[in-house]
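My questions will all concern the structure given below.
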Amino acid sequence: MWAYLSCGDDADSRSDFYGLNSYQWCGDSTWENSGYQGLVDTFKNTSIPLFFSEFGCNKIRPRPFGEIAALYGERMISSWSGGLVYEYSQEKSDYGLVQIDSNGDARLLKDFDNLQGQYNNINLDLVKTKSSAATAARHPKCEDTFILLGHSETFNTSTTLPPNPATGLLEKGSGNTNVGKLVSVTQTKTPHKVFTSTGVQIDGIEIKMLKDDESNTPSGENTSSAASGGSGGSSGSKKGAAGGLRVSAVFVVSVTVVVGFLGLV
């Protein structure tokens, strides 16, 4: 599927990127046991950006997220572009990073702390250097020898697109008046309370707007420890302990997505 969607010179029929759900690194796994080498071997010649559209095996709780070091490390960063941890809020499936109460207040879970710590250990210089050359390869021709890669010969490799059956729908829409649009972010402070994994309330959380060419990167801070002031499981409140949440004004679709992926900084 990746080969089929990434080949050819026609940008309209080629995917802009490819996402793969991967839950094969569980607990304190290793590069050898996780099967990550197979992912590198399969996708090493990618001509489009690749990322984990979901990852974060929860067979071991709390999750240590050791796969972060591998995903953003020397062996993967030349062909892979990071990933999205599943998932932000705690649900019945127990994949959450944050517990959201019925009143909208939130509490960071230990998984959040572990993930933030792993992000803080990323070598950003390596990421910038390696990822810039990751998709420099030309898009390969859409030939059976590339697309099938030894798999099922019944896969339809035709790149001729069928007539569009919904031209009118694309031009005029479905008639639903709830049409999405880009909006300016005006409310930068949350009315809800946010607590660390040790129960300390975090004050001073605020969205800090970034320029269009900037991105959110790990700050080196451990939010729960900073707010707790090293007091272990104590309760209370610390003003401004968490700093702020920095996001791009253009790219914000949902604050929860940004927090879930990059953590509070």
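Can you tell me which of 107, 14, 75 is within 30 Å of residue 226 (Cβ to Cβ) and of a type in the set (Lys, Arg)?
Unique residue meeting the criteria: 107.
Same structure, new question: Looking only at residues in the stretch 101-147 that are of a type in the set (A, V, I, L, M, F, W, C) and farther than 22 Å from residue 69 by Cβ, which one is modelled with the highest pLDDT?
Restricting to residues being of a type in the set (A, V, I, L, M, F, W, C) and farther than 22 Å from residue 69 by Cβ, the top hit is 106.
Here is a follow-up. For the stretch 167-177, indicate whether the set of residues that are more than 21 Å from residue 105 (Cα to Cα), in a loop (DSSP other than H, G, I, E, B), at pLDDT 80 or above and not assigned by TED's automatic domain parsing to the domain that holds residue 227 is non-empty.
no
Could you list, in sequence order, the residues of the stretch 1-41 that are out of contact with any helix residue (DSSP H, G or I) (no Cβ under 8 Å at 6 or more places or on another chain), surrounded by fewer than 15 Cβ atoms within 10 Å (Cβ to Cβ) and assigned to a helix (DSSP H, G or I)?
32, 33, 38, 41
Then there's this: Select from the stretch 84-107 the residues that are under 18 Å from the mean Cα position of the chain (by Cα) and either touching a residue at least 40 places away in the same chain (Cβ under 8 Å) or under 25 Å from residue 18 (Cβ atoms) (or both) and list them in ascending order.
Answer for the stretch 84-107, where residues must be under 18 Å from the mean Cα position of the chain (by Cα) and either touching a residue at least 40 places away in the same chain (Cβ under 8 Å) or under 25 Å from residue 18 (Cβ atoms) (or both): 84, 85, 86, 87, 88, 89, 95, 97, 98.
So which residues in the stretch 51-89 are β-branched (Val, Ile, Thr), within 13 Å of residue 25 (Cβ to Cβ) and part of a loop (DSSP other than H, G, I, E, B), if there are any at all?
Of everything in the stretch 51-89, just one residue is β-branched (Val, Ile, Thr), within 13 Å of residue 25 (Cβ to Cβ) and part of a loop (DSSP other than H, G, I, E, B), namely 60.
Of the conditions (1) at pLDDT 95 or above; (2) in contact with a strand residue (DSSP E or B) (Cβ under 7 Å, 6 or more places away or on another chain), residue 79 fails just one. Which one is it?
Residue 79 satisfies all of (1) at pLDDT 95 or above; (2) in contact with a strand residue (DSSP E or B) (Cβ under 7 Å, 6 or more places away or on another chain) except (1).
Restricting the search to the stretch 42-64, which residues are surrounded by fewer than 21 Cβ atoms within 10 Å (Cβ to Cβ), modelled with pLDDT of 95 or more and hydrophobic (A, V, I, L, M, F, W, C)?
51, 57, 60
The values are calculated or read from the model by the stated rules, or taken from the named source; none is laboratory data. All figures in this text were calculated on a predicted structure; none of them were measured in a lab. Cβ coordinates were reconstructed from backbone atoms using ideal geometry, including for glycine residues, and neighbour counts include every protein chain displayed.
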